Every structure is written in structure tokens, then in C-alpha cells.
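One structure below.
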Amino acid sequence: MVTPEALLRAKVPGPETGIEVKKSICTICDPLTQCGLDAYVKDGVVIKVEGSSENPFNRGRLCAKGAATRQYLYHADRIKTPLRRTGPRGSGAFEPISWDVALDEIGRRANDAKRDFGPESVVFYAGYTKYFRPYLIRLAHAFGSPNYCSESSTCNMATAMAQKLVFGLPGAPDLMNTDCLLVWSSNPYYSGHGRAQMIDKKLAAGMKMIVVDPRRTPTTARSHIHLQPRPGTDGAVALAMAHVIIEENLYDREFVATHTRGFDEYRDYVRTFTPEKAESLSGVPAERIRDAARLFAHAKRACVQPSASPVVHHTNGVQNYRAIFMLVALTGNYDVVGGNLAEPPSYLYVSGKFVTREEEFENPVPVSSMPPRIGAEKYPVWMQVASPEAQAMFLPEQLRTGQPYPVKAMLGFGMNYRMWPDSEGFRQALEKLDFLAVTDIFMTDTARMADIVLPACASLERMELRAYGPGYAVLSQPVVEPLYESRSDVDMIFDLAKRLCPDDGLFARGYEACLDWILEPSGMTVAGLKNHPGGMAAPNPIRPKERKYADGAKTPSGKIEFVSSVLEQFADRPGIDPLPIYTPPRYSPEGDPAMAKEYPFILNTGSRLPMFIHSRVNHLSWTRNLRPTHPAVDLNPADAERLGVREGDDMTLSTPFGSIRVKANPTHMVLPGVAHMYHGWAGADVNSLFQGDYTDPISGFPGYKSALCRLEKVAEGR
């Protein structure tokens, strides 16, 4: 007979043990990979987590990060109470204060800045997580500030820009119906295991897969063709693939003739980009480029699986991705089943096949009626194409110069200054603020810079709405009460709205009423979603028709554009051209040969590790035990032998702008002559080695994936 004690040791739910299984989601990775969680709760404490089998993304599985949810939730370093700075900025000297005192202080300082310098002098920044973004955007705009910005200033937005410049409306790969998947610098086996499961299933069913990635990864190991270009040369490879498709008459002539703009100019330029030329630039053998182009073009249905940021983290990033997405246009695979389907997002960037009023909610006042956003002069294409966000990468420069107007106060939700290039320079620029408030779960380096710190709670302690691609929605509920004095970011925003925009009628109605207002066109309600804690299928899901471009693409010309109408407006600016012209990265062997003599390695930063997401969980013992805890640089074994280093040896990694000390990690995953460095280490912050203006002139994105560096072994005893 099984005793109650044995059941309790086995954590079996039921009345004998008092253990209840509650449904939630994991938002450690965000926003496209919200895995469902089954939280086993006893006496108000989470004692175990598993993946939810009914969740359409993870279907019962969890990655290492999700498996460490309890460590994340109950970590001793969580911020427990609102704090007020008592010492110099960055000193870590704080005193506990009440919520009312903290919120009143934030409200007073923001309103003072608005009165004295205008609402544009106050910045509202959203980092991680992302569930609260619609409410923070509305708070900023209702306050009168155009300067809502987010980590999208260096994440997926530039990829979306490249698609918008070509198609008008981005298209997501229809993985379940495609015959050929072209994966460009994405590794879902590390960064999105739900998609990886689908890829495995499709490969078993006969799908062909081409992968373009400078690294060898679990994804490249499963590919039929792996193209391994030097970082920053993706555009050259894509143009050479287009050369083959056009010269061998493999393109969709009817589609191109009827629905595109600028093909003749594009074809003339592509004719100069032979596979041999691309081989000289990228290192990818010409015949492999031909093989990939033919496999993609001959497929009945083909699509491109992009990545959020690797391709656009170059000073030529948007142009590279434009060239890549034009392969979809050439073959007529845009907005068709099995190709890249254009489905408008339902909520938080994800198409759930239902309609909401998220965009209307976010913009009570049009941003066009406000003063220019941060970065408006330097990055005009971003302002026109990306979104109604400011370009946060220009924030340090505006803080330093006060031009075109001063920035005096900032509210940073989950903000990490180390994600900026020249991160130390940005830290110094933050000292110029009159006032900085930060919300976070842990006391980060950014939080130490703040005047007021607010303790945020984790996803298991709050309610949030998420959409899923198959036509599914989840409104998670707290499975435990918020620990200590922590609160959800949304609760903070609604409390701040009472102080910053008290006349906003929707804010005054509260969080659930606002959600109901947003959801009204979908046919779903908060009450109905609460009845389905694990999520529910959207009622009457929308099945968007194919080939919507036939009624006019969402570009200025109404056509899919090989020559961009938007970029024509700014063609007099360096680095902006209406055609997807290939130029090498600014600091590269081709872009700066003199620098390359002194700094002979190509520096590529930020490649994903399976147990970390940026710097969010690298302090948890469960995840840190999966990889040595020291910052390390990946280099090819041939380079390691030439430099006389072995695994774990100390090295200096230097650029013309600084150096850090790291450990050597020889690996065949990387190309000779390339150094890969994971980001997010406070003691070896690789982002500090980049200039703040080392950015793409179209998007403003930093060139993290291609710069130049030097590697040297540290002499013993140093």
C-alpha cells in the first residue's frame, strides 16, 4: 500500500498530499517561446515544475532555463522591497521605503521634468519581460512623451524592417506546410525548442533544409546543405543565390512581372554577383551556393526562417536581410501556404489568428503629434518603418549632448545597460539623468544606478495574456502570491498612471477592464479565459487569405519592392541604397584592411547558449552547472594551436576600443579566424569593446556580430 508519506515524497498531487497542479507560463525567454508550466503547489509554495502537455508551443517539454524556474522564483537575491538611493549612483547604497512613497516620488520627478523641459524629456523603457509593453506604451503616450523605447532597438525590429521594406507586411515561415526550409542564422535547438520539435518532424517527413550560419550547431548538423559564411557577408551569399535563380531562369516570372517593383535594376545588379564573387567575399564555396539556390528554387513550396538579430547585428544588417528576403519574392513564396505567410499579429508580436485592439490601446495620442523621438534625425528609416518607438541606441548620445533636447528622467522596466554598445559609456551617460527609476527582480548593475528601485514579481506570481500561432490564447493566473513586497509591472504602471495621466479613462478602469477592451473584437473575455487556465482555442479563428498583396502590398508603391521606395527618400545618406547593395562591415578585413592587420580576428558576439538567455539566468546554479562559470571566447582549434593556448587558458580579447580577460574555449563550432564571445558577463562585458556609433545606418542596430579583434595568451603569473 502506498502511504501518504510516499506520495508526498514523489510530489503526487491530490487530497492525500495537499499538492495542487496550477497552470502558468514561463517567460524567461520572451516573447515567442512561452512554454506552458504545470506548477505543483503545496501550502502556497511551488515545489516542482513540469511542462504543460496541452500548451501548443512546448507540449510538455521544458528547456534548462524553464526547468530552473523554482530557482529563479525563490532566489535569495530577489529585490524584496521598494528602495531609495542613499549613496552615490552605482554604490548600491539604498534604504527600504513604502510603495506609496516610491510611486509618489517617481510621479513627482517625472511631472517636474515634464513641467520644466516638456514630456519628451522623460523616457519610458521596456526591457524584459515583454507582457507589460502595451501598458507602458500607453503610459508614455498618455503622459505626452514620444520616447517609449525597448530592447527591440537591438532585437527583432530590424528583421521586421527588412521585411517591411520588401513586402510591406512581414511574413512568418509556414513550417508545417513547406517543402524546403531556408534557416538563416537561427538555431532553434538552443533558442526555441518548440520549433525544433516541428523541424524534426518535418525532416522525418521529407522536408529539405538549408542552413546558413557561421557556426556549426545542432541545426546545421541536421541540414542537407550548410553554408558557413564569414560573419557579416550574408548579403553576398544571398545575392549570389539570386544570381543563380535568375540566370538559370528558376524564378517565378509571372509573380515578378505582376507584383514587384524594380526587378530590372535588381537583376542588373545581381548579375555582377556570381557565386565565385560571393565565395571570395564570404568563404562559402561557389558550388555550394549554386546547390542551395537550386534546392530552394526547385521546391514546390519554400520559406525562409529568419532569426531575431544575428543577421541585423552588422553595420550592413538590413541590406543583408533585404537580399535574403528577396529570395522569397523571386520564387513567388510570399504570403502563400508553405511559404512566408503574412499574418498580422494578434497580441505581443504573435499571430494567434484573432483580432484585438492592441495598437489602438497603445496609441491614445498619435506619436506624429509629439516632438521628434530620440534618434529621429540619425535614423529616419527606423522612424518611418519600424514602429512608433524611439531608437534607444541613440539615447546615450542624447544624454551626453542634450541635443536635440535634454533627457532628464527615465523609467526603466527590466532595463540592462550592458546590452548597449560601449556599455560603460552608456553607464556614464546615465549619471547625467536627474532621475532614474528601475524595476527588476534582481539587483542588476542598472538597478544600482537608480534613484528608486521597484521589486517586480515573476511570471508565476502574476496574470498575463499571451497569443499562440495555432489560434490559441492563455491568460495565466498567479499560482502563488507575490513574494515579499514585489508587484507585477502592470500593477506598477496602472498605479503610475494615476499620478502621470489621471485623466486617462481606460487606465482608470483597471487592468482587467483594459484587457477586455483590447480583446473585444476577438470574442474572448478575461472571465472566459480564466475558466481555461491552461489556455483556450480562439473562437472563430481567422484564416487570412493568401496573396493579399494582389490587392496592393503595404509598401508605398503597392508592390513588393526589389528597389525600396522608402530608401529612395534617403539615398543621399551614407550606407542607404534603394537596392540591396552589399557593402562589407565597417570594421572587417574588407572594410578596414589596415585595422585588420593589427586586429586579425573577426569578433562575433551574442551567439545563444542553450542554458542562458542573455544574462537572465546565468546566476542560477542549475544553469551555471551546465557550463563553466567563467567568460570564455570560442576559437577554432587551429587558431588555438597557433596562439599556443589550451582549454581554460587566460587570454586577452582586445579591440581598438578596449580589452577584456577571458578563458580560451577551442571548438570546431567556429570558423578559423573568427572569435565568438557570449555577452552578458559583468566582469568581461564584450559589448564595452564596441563604439556606441558602430551601428547600421538604416536601423541603428549595433554591429555586434562583425568587428575586428585581437586574441593573445596571457603570460603565466600575470
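The values are calculated or read from the model by the stated rules, or taken from the named source; none is laboratory data. Just so you know, these numbers come straight off a predicted model, no measurement behind them. Cβ coordinates were reconstructed from backbone atoms using ideal geometry, including for glycine residues, and neighbour counts include every protein chain displayed. Just so you know, the surface numbers come from the protein's heavy atoms only, side chains and all, with ligands and any DNA or RNA stripped out. Shrake-Rupley method; radii C 1.70, N 1.55, O 1.52, S 1.80 Å.
What the table below lists for this structure:
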{"item": "Set GLY36, GLY66: member being under 25 Å from ALA196 (Cα atoms), touching a residue at least 40 places away in the same chain (Cβ under 8 Å) and assigned to a helix (DSSP H, G or I)", "result": "GLY66"}
{"item": "Members of segment 655-684 that are outside any strand (DSSP E or B) and under 19 Å from the mean Cα position of the chain (by Cα)", "result": "TYR678, HIS679, GLY680, TRP681"}
{"item": "Residues satisfying the stated conditions in segment 460-487, i.e. open to solvent by 10 Å² or more (accessible area, probe 1.4 Å), assigned to a loop (DSSP other than H, G, I, E, B) and farther than 22 Å from VAL41 by Cβ", "result": "GLY469, PRO470"}
{"item": "Of all residues in segment 490-548 being in contact with a Gly (Cβ under 7 Å, 6 or more places away or on another chain) and closer than 20 Å to GLU359 by Cβ, the one that is modelled with the lowest pLDDT", "result": "PRO541"}
{"item": "Selection from segment 488-541 of residues that are open to solvent by less than 40 Å² (accessible area, probe 1.4 Å), more than 23 Å from SER52 (Cβ to Cβ) and free of Cβ contacts under 8 Å to residues at least 40 places away in the same chain", "result": "GLY510, ALA513"}
{"item": "Odd one out for ALA140, checked against (1) in contact with a helix residue (DSSP H, G or I) (Cβ under 8 Å, 6 or more places away or on another chain); (2) farther than 17 Å from SER607 by Cα", "result": "(1)"}
{"item": "The listed residue being in contact with an Asp or Glu (Cβ under 7 Å, 6 or more places away or on another chain) and of a type outside the set (A, V, I, L, M, F, W, C), out of GLY523, GLY510, GLY505, GLY534", "result": "GLY534"}
{"item": "Answer from MET209, MET241, MET176 - the residue that is part of a helix (DSSP H, G or I) and open to solvent by less than 10 Å² (accessible area, probe 1.4 Å)", "result": "MET241"}
{"item": "Within segment 34-50, considering residues that are open to solvent by 20 Å² or more (accessible area, probe 1.4 Å) and β-branched (Val, Ile, Thr), the one nearest to SER307 (Cα to Cα)", "result": "VAL49"}
{"item": "Of all residues making up segment 264-283, the number that are open to solvent by less than 20 Å² (accessible area, probe 1.4 Å) and assigned to a helix (DSSP H, G or I)", "result": "5"}
{"item": "Residue match in segment 72-86 (condition: polar (S, T, N, Q), under 20 Å from HIS193 (Cβ atoms) and surrounded by 14 or more Cβ atoms within 10 Å (Cβ to Cβ))", "result": "no"}
{"item": "Residue check, SER186 closer than 27 Å to LEU348 by Cβ, over 19 Å from the mean Cα position of the chain (by Cα) and surrounded by 21 or more Cβ atoms within 10 Å (Cβ to Cβ)", "result": "no"}
{"item": "Residue within segment 152-166 that is in a loop (DSSP other than H, G, I, E, B) and either open to solvent by less than 10 Å² (accessible area, probe 1.4 Å) or in contact with a Leu (Cβ under 9 Å, 6 or more places away or on another chain) (or both) present", "result": "yes"}
